[in-house]
Amino acid sequence: MRDVIQKMLEAETEAKRIVAKAEAQAERIRAEARRQAQQLVQKGRADTRAEADRILEEASRRSESQRQEALARAAETVEAGLQLDEQLRTRAVGGVVRCVCGET
C-alpha cells in the first residue's frame, strides 16, 4: 500500500512538473506571438506613414505646379490687358506730354 501511495505521489509530482513545463512553454509562445504582433503593427504603421508621406509629397508637387501654372496664366492675362493699341498709346503719350509741359 505504501508503495502505491509513493507511486501516486511521484505521479502527481511528475504531473505538476509537466503542467509547469507546459505553462512555461505556453507563456513563451504567447510572448513570441505578442512580439511578432507588435512588430507587424509597427511595420504596418511605418508602411502607412511612408505611403502617407509619399502621397503628401506628390500632392504638394502637384499643388505647386498648379500654382505656378495659375500664376503664369494670371501674368499673361495682366500683360495682355496692359498692352495698349497704337491709337491709345499715342493719346496717352500726348496727355503725358501736355501734363508735363503744363498744358491741360
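So for the pair ALA33, VAL96, with labels modelled 7 Å out along Cα→Cβ, what separation do we get in nm?
The answer from the label model is 8.6 nm.
If the elastic network links every pair of Cα atoms under 10 Å, which of GLY44, GLY94, GLY81 fluctuates the most in the Gaussian network model of the chain?
GLY94
Enumerate by residue number the GluC sites (Glu not before Pro) in the range 53-104 meeting two conditions: DSSP loop (anything except H, G, I, E, B), and at most 15 other Cβ atoms within 10 Å of the site's Cβ.
Answer in residue order: GLU103.
Separation of the range 34-78 and the range 4-30 by C-alpha centroid, Å?
58 Å
Using only the alpha carbons, work out the radius of gyration and Dmax of the chain in angstrom.
Rg, Dmax (Cα atoms, Å): 43.6, 141.
Bear in mind that the values in this text are calculations on the coordinates, not laboratory data. Just so it is clear, the model here is predicted, and its values are computed rather than measured. Here Cβ is always computed from backbone atoms with ideal geometry, including for glycine, and neighbour counts include all displayed protein chains.
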